[in-house]
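Worksheet: one structure, shown below.
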Amino acid sequence: MSPAHPLSPTLNLTIPDEAAMVRLAEDIAAILGSGDVIALSGDLGAGKSTFSRALLRAFAGDPALEVPSPTFTLVQSYDLERLTISHLDLYRLEEPEELEELGLEDLTATGAALIEWPEKAGRFLPASRLILSIAHSGDNDARAVTFSFASPAAESRWTQRLARTQRIRALAEEAGFSGAERRYLTGDASARAYEVIRTPQKSAVLMNSPAAYDIAKPGEVPSYSETVHRARTVDAFIALTGELRRRGYSAPELYAIDREAGLLLQENLGSEGIITPDRHPIAERYAAAAQLLADMHADTDWPQDLPVTGMDGALLARHIIPAYSENALLTEADLFLEWYVPWRAGADPATLPAAPDTQERAEYRALWQTAFARIRDAQTGWVMRDYHSPNILWLDRREGHAKLGLIDYQDCVIGPVAYDLASLLLDARVDIPRALEEELLTGYLARRKAQDAGFDEELFRAAYAVMGAQRIAKILGAFVRLKYAYGKPHYMAHMPRMTDYLDRTLTHPALAELAGWFRARVG
């Protein structure tokens, strides 16, 4: 805890009216995270409660959320889906020491706090707090808002996030979304996050995708993400989107680009997908998604070198789709050995990842290499990599393949095209019955054979099994890693489904040796 002696103001804003104050609260809600404390200073009626109420409603995604003043209770906590936020009003606090009794440290250990009348707390506020000072400014509705930091630690904690949320607001304004409402949409297993940007007339989706990793310098060991060819910047998404749209696929139209910051404002393709509300596959829509792949794979003229263009069509850079190298495939499969296997054996989570001994890793990798060798002649092309229900939307008013909205394809590589069909039919988020899987696979194969009399069904089935097993092994390890390394435990609910899928793929003869290893190692 520290004295309330802020540094020099860092940002001064004039807020013309209450609607603008609500928008400011939304901008801050978009960056709020665990451990954050915002101290709200200002006279009675300055707008502290208006700001707090708007922030809580924005974070909850509920404009009708009841936010009573905690004047008499001193603290009111909101256990929201992504974070617990505590709203404190210290106006009636008699002694600063009483703040310790309210348990502020416990409240912010895993949550965040908004504190009105922070002056009453004396030295009992965290040094990392952000201070918002709100004052009347001439006109009855106008307010002067000053952002400042309580310490260098606060400056370090908040500066980049504040700049980024301002940049997002500026991008929305530039694209014609003046005064737009911002609402969290979703995050994924990466550092990317998404928001809905909405006015009464229109809406868009904001992709917030900062550079994912630093490229290794000579002599340095590349990161996992670099090794497995994950997209580093938004350039990949811009380039791939352009090519998909040029060919008539429903990739989202781009409305505005901030390439340097990794921000894209794009068409909102809606929320209707290819599963029912109770998370069962809609067979006809899965069939349509499989047929889209069949036609995409029948066209062998998909480029590897793509232009990255700005909103005016000017060439900004080029994106070369990386090859799905054997090293990348093995590195992904290693997640199973390093995370899933020791977790399954009951290892202390603090010891994860557990490096296997050299001999075990060599044996494991050699078995995968044997399987990969058996499908060396399988067709290769664009592999979107995450072609499954969360990333396929249903656009009922469109025709043909355009009915399927495509998102989250920025990690596209050049590899065995069977991978994407395995991703769809062995959907990590939805139970696909074995009979439906075979029906959809048979439908895909029939379409390919109708397009090409020389299509090799046996080789494709082998590639489907091998790439499906590799993807599942990677995902099982990744789910354990997401829980213990990144604090995202909800993915573990998908484990039983994925182990069932793994058993299915391992019945294929191309995986005979690996099947023996899996039986011996994890049952």
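Just so you know, all these numbers are worked out from the coordinates, no wet-lab data involved. Keep in mind that what you see is a predicted model, and the values were worked out from it rather than measured. Cβ placement follows ideal geometry from the backbone for every residue including glycine, while neighbour counts extend to all protein chains displayed.
Here is how the numbers come out for the structure above:
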| quantity | calculated |
| --- | --- |
| Nonlocal amide H pairs with L80, under 5 Å, H built at 1.01 Å | I85 |
| Computed E for D456/L11 - FRET, C-beta separation, R0 45 angstrom, nearest 0.05 | 0.10 |
| Rounded, prolate or oblate (a/c below 1.5 giving rounded, otherwise prolate when a/b exceeds b/c) for segment 408-470 by Cα gyration tensor | oblate |
| Hypothetical label at V522: residues of segment 373-417 whose amide nitrogen lies under 20 Å (7 Å Cα-Cβ projection) | 386 |
| Ranking of F237, F59, F147 by count of other Cβ atoms within 10 Å, fewest first | F147, F59, F237 |
| Read-out P(r) over Cα pairs in 20 Å bins from 0, in percent, derived from the coordinates shown; its label in [x] 21, 50, 25, 4, 0; [y] 18, 47, 24, 7, 3, 0; [z] 20, 47, 28, 5, 0 | [z] |
| Exposure proxy order (Cβ contacts within 10 Å, fewest to most) of S148, S423, S69, S133 | S69, S133, S148, S423 |
| Kyte-Doolittle mean at least -0.5, axial Cα span of 30 Å or more - DSSP H helices of the chain | 457-486 |
| Inter-site label distance for A211 and E101 at 7 Å from Cα along Cβ, in nm | 5.1 nm |
| Summed residue charge, Cβ within 10 Å of L404's Cβ, Lys/Arg positive, Asp/Glu negative | +3 |
| Gain in span if fully extended, A127 to A345, counting 0.36 nm per residue against the direct Cα distance | 74.2 nm |
| Spin-label model distance (nm) - A323 vs Q359, 7 Å beyond Cα toward Cβ | 3.4 nm |
| Gained length - T73 relative to E220, 0.36 nm times residue gap less alpha-carbon distance | 47.4 nm |
| Built amide H within the under 5 Å cut-off of L32, gap 5+ | none |
| Relative contact order [Cα under 8 Å, 6+ residues apart], the chain, whole percent | 12 percent |
| Normalised alpha carbon radius of gyration of segment 254-364 [divisor 2.2 N^0.38 Å] | 1.63 |
| Relative contact order (%) - criterion: Cα under 8 Å, at least six apart; region: segment 360-481 | 28 percent |
| Average Cα contact separation per residue, segment 190-340, under 8 Å, 6 or more apart, as relative contact order % | 22 percent |
| In nm, spacing of pseudo-spin labels at L83 and E272 (7 Å Cα→C-beta vector) | 3.4 nm |
| Prolate/oblate/rounded call for segment 11-158, Cα gyration tensor, a/c under 1.5 rounded | rounded |
| Sites D312 and S178 - FRET efficiency at Förster radius 22 Å, r taken between beta-carbons, to 0.05 | 0.55 |
| Ranked M311, M498, criterion: other C-beta atoms within 10 Å, fewest first | M311, M498 |
